[in-house]
Amino acid sequence: MSERRSPNGCRAASGAPDQWSGAPEICVIAALYYGSARLGLLQQLVRGQVIPLWPPSGIAVASLLLRGPRVWPGIALGAFLVNISLGPSLPAVLAIAAGNTLAPVCSYLLLRRTGFRAELDRLRDALALIFLGAFTGMLVSATTGSGTLALAGVLRPGDFWPTWSVWWTGGAMGVLVVTPVLLVLRSAHRPRNARTSRWAEALLLVATTGVVGFLVTGHTPLLFLGFPLLIWAAFRFQLAGAAPCALAVSTFAIIAGAERSGPFAGHDLLTKMITLQAFNGSAALTALLLAAVVSERSQNQREIAWAVGQLAALAARIAAGDHRPALPHADEEKANGEKAAGDGRTRQRPSPHL
């Protein structure tokens, strides 16, 4: 309830809870941002601030999509706490934190303008998240961060573009891999009336993913084994299976790249980064697009089945000699809406019989 003062200066209701109701939420988002950043920095590649997968960008975009723009202070606080121990100076830290905050906000605004739905059950939603939320929005943080490090004298002139490319792809991969998982967790629930075979298939997918991860992080170049898993998860479990599977496959690839094992053995940093980011991008695109296509196809099938059922019911009524309107409930809803609008006028409904 909002707090208002009456004309005589008295308080009509308590408004202090509304002022501070978002503070715990902002603190939680800041803690998640900071914790995921410290975890991601374990695979640092360039000056301790640029990594191939930046999870905080995915957490920030998901927080804005789920909780709205009011949580941006939590993103800014988390970005500042992460960079305060890494930045060369306080102005540079503030600039980098501002870029890390503006990037997910720009992604959120772009997605909102396209009518993005957090369910990711349409192909247009997957394409919007890929090209607007990830690739376009993360240009802000990459440009701001790399430019700040260059102006501060931390980067040599020849290191700007390599740093920028790794910064940009790291942020984009964070959105592509982490954001869908958080959107899935938002609506996660125990499936009702699920068959035992369905649970067995899910457990088999998890076990197979673990085996593939063990093989990928070994010395054998078997990175391509991740794609059959993504196809299996997308076709059988849609986004609920494809998003976690893509996160697991990308994590295994990053571990293999950091340990220089498998296909990353014997290559320099640039070649390793190109291979790693190409694989992560392909895995994320495969998982999201396939899951969205399968979900959209299932939705279309349900709508077709509903329409066929309506037509069958209408044909049955006509064959039985019942010539009432095909959708009587629509008239009732219209009448109820007119009544709720306060029309006040008495409307005569036509006879349902011809």
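Values in this text are rule-based calculations from the coordinates and carry no lab data. Computed from a predicted structure; not experimentally measured. Cβ atoms come from the backbone with ideal geometry, glycine included; neighbour counts cover every protein chain shown.
Numbers below:
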{"quantity": "Region 233-273 residues near the modelled residue 219 label - backbone nitrogen below 11 Å, point 7 Å along Cα→Cβ", "calculated": "262"}
{"quantity": "Stokes-Einstein translational diffusion, region 181-264 - Kirkwood Rh over all Cα pairs, 0.890 mPa s, 25 °C, in µm²/s", "calculated": "181"}
{"quantity": "Karplus 3J(HN,Hα) series, Hz, for region 125-135 with 6.51 cos²θ - 1.76 cosθ + 1.60 (x for Gly, Pro)", "calculated": "5, 5, 5, 5, 5, 5, 8, 9, x, 9, 5"}
{"quantity": "In order through region 190-199: 3J(HN,Hα) via Karplus (6.51 cos²θ - 1.76 cosθ + 1.60), integer Hz, x for Gly, Pro", "calculated": "6, x, 8, 6, 6, 6, 4, 5, 5, 5"}
{"quantity": "Percent of alpha-carbon pairs separated by more than 15 Å within region 50-91", "calculated": "49"}
{"quantity": "Pairwise Cα inverse-distance average, inverted: Kirkwood Rh of region 239-313 (Å)", "calculated": "14.8"}
{"quantity": "Reference-scaled alpha-carbon Rg (2.2 N^0.38 Å with N residues) for region 48-179", "calculated": "1.02"}
{"quantity": "Overall Cα dimensions of region 176-318 - principal axes, largest extent first, Å", "calculated": "75, 30, 25"}
{"quantity": "Full-extension gain in nm, residue 196 to residue 301, via 0.36 nm per residue minus C-alpha separation", "calculated": "35.4 nm"}
{"quantity": "Two-decimal log10 I(q)/I(0) for region 69-141, as the Debye equation yields it once each C-alpha is a single scatterer, q = 0.13, 0.15, 0.21 Å⁻¹", "calculated": "-0.44, -0.55, -0.85"}
{"quantity": "Region 148-224 pair-distance distribution - Cα-Cα, 5 Å bins, rounded %", "calculated": "3, 11, 9, 11, 16, 14, 11, 9, 6, 4, 3, 2, 0"}
